[in-house]
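Novice: Encoded as structure tokens, here's the structure I'll be asking about.
The values are calculated or read from the model by the stated rules, or taken from the named source; none is laboratory data. On a predicted model such as this, the values are computed, not experimentally measured, just so you know. A quick note on method: Cβ atoms are made from the backbone with ideal geometry, for glycine too, and the neighbour counts reach across all protein chains shown.
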Ligand SMILES: [Cu+2]
């Protein structure tokens, strides 16, 4: 009986190890750290492209980045690229954007195979 419960205790400890220690090391998926235009920024001129940088390299497969205007219409050139020498950087070109608030939606696959998606906005203001 003693022996049985000691074995049981070891199983509990092993289970606790996998539940607590392992996820901390495995779930280190990519996080957006910077963008251009900046998140929530207001700019006076339409930028030539929209850039996103992650804290680590992301996979080249299944990446997406869309720029959507306030009416819900997609306005980017649908030519997403990834920087060859820095795979943490994805970008897409855009036409000259009229004043409006735009939402950037992205979706990439982390090095740990987890899907990471998110969105942020920027505003192109009317020139005075
Ligand atoms: Cu992950």
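Novice: What are the residues in segment 37-73 that are surrounded by 13 or more Cβ atoms within 10 Å (Cβ to Cβ), under 15 Å from residue 111 (Cβ atoms) and touching a residue at least 40 places away in the same chain (Cβ under 8 Å), if any?
Specialist: Once the filter is applied, which keeps residues that are surrounded by 13 or more Cβ atoms within 10 Å (Cβ to Cβ), under 15 Å from residue 111 (Cβ atoms) and touching a residue at least 40 places away in the same chain (Cβ under 8 Å), segment 37-73 yields 54, 56, 57, 58, 59, 63.
Novice: From the set of residues in segment 7-36 that are farther than 30 Å from residue 126 by Cα and surrounded by 13 or more Cβ atoms within 10 Å (Cβ to Cβ), which is modelled with the highest pLDDT? Lay out the reasoning, then the answer.
Specialist: Our first condition is that a residue be farther than 30 Å from residue 126 by Cα; within segment 7-36, this holds for 7-31.
Checking which are surrounded by 13 or more Cβ atoms within 10 Å (Cβ to Cβ) leaves us with 28-30.
On the way: 28: 79, 29: 90, 30: 95.
Only one residue fits best here, namely 30.
Novice: A follow-up question, please. Scan 84, 66 and give me the residue that is more than 16 Å from the ligand (Cβ to nearest atom) and within 14 Å of residue 35 (Cβ to Cβ).
Specialist: 66
Novice: When residues of segment 94-128 are filtered for being more than 14 Å from residue 37 (Cβ to Cβ) and either within 16 Å of the ligand (Cβ to nearest atom) or surrounded by 12 or more Cβ atoms within 10 Å (Cβ to Cβ) (or both), how many remain?
Specialist: 13
Novice: Continuing with the same structure: Can you list residue pairs whose Cβ atoms sit under 9 Å apart, with the first residue in segment 74-89 being in contact (Cβ under 8 Å) with a residue 40 or more places away in the chain and the second being assigned to a loop (DSSP other than H, G, I, E, B) and surrounded by 11 or more Cβ atoms within 10 Å (Cβ to Cβ)? Count only pairs 6 or more apart in sequence or on different chains.
Specialist: That search, which allows pairs on different chains as well, returns 88/30; 88/55; 88/56; 88/57.
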